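Shown next, in C-alpha cells, is the structure this report addresses.
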Amino acid sequence: MSNGNLPSSNHALILLSGLPGTGKTTFARTLASVLSFEHIESDAIRRNMAAQPLYTNAENAAVFARAEALAIAALRQQRVVLLDSTALTNRDRKRFVQLAHRTAVRLIAVRITAPDDIIRARLSHPREGFSQATLEIYERMRTRPQPFPIPALVVDTRFPLRPAIDLLLRLVHDHGE
C-alpha cells in the first residue's frame, strides 16, 4: 500500500486520550524509558502559544493543527509518534485517525483513566510539567469523553503501568505477521 508523501515504515502513531489529571504525561514518560518516540504534548504546545490558555475552540484548533504538523514531520523521519493530549471526542481525534490512514502507519489508541477521587487529588496540588489544567477545567471536560471508534488500550493509572506498557510495546512491534 502506498503511503503518499511518507517513506514506508512499521512505525506507529500512539494516540493518548484522557481527562486532565488521569496521568497521560506520566504514562508517556514511563513509556519513554523503554521505547524511543517523538513525544508531542498538547499542553507544551498550548503553553508556547498562550501564557494563560483559555481552552477555547479556536485555541484547541490551533494546538491540534500544530500537533498534526509535528506528527507529520516526525513520521517523515520514520519515528514512532506519541500524541499526548486530552483528545476526548472523536472530533478531536479525527485528524490523527485520518493522518494514520493517509500515511499507512499503525494507529494505537490508548485511553488513560483514573477514578474521580484520584483525579481530584492530583489536580488539587501544583502540577509538574506543562499542564495548567485545574479542577475547574476538569469539571468542564469530564462529561466530554467519547469511546474510541477503534479498539483502544485502556490504562487505569492507579495500578502499576508496566503491564500496559508491555502490551503497548507488543502492539508497536507487531508488524501484522
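Readers should treat all values here as calculations from the given coordinates under stated rules, not as data from a laboratory. Since we're looking at a predicted model, the values are computed, not measured. All Cβ positions, glycine included, derive from the backbone under ideal geometry; neighbour counts span all protein chains shown.
Just a few scattered comments:
- The distance between label points at Ile72 and Thr134 comes to 3.6 nm (points 7 Å beyond Cα on the Cα→Cβ vector).
- Distance in nm between pseudo-label sites at Ala32 and Arg158 (7 Å out along the Cβ direction from Cα): 2.7
- Close amide H pairs (under 5 Å, H built 1.01 Å from N) link Glu41 with Asp84, residues at least 5 positions away or on another chain.
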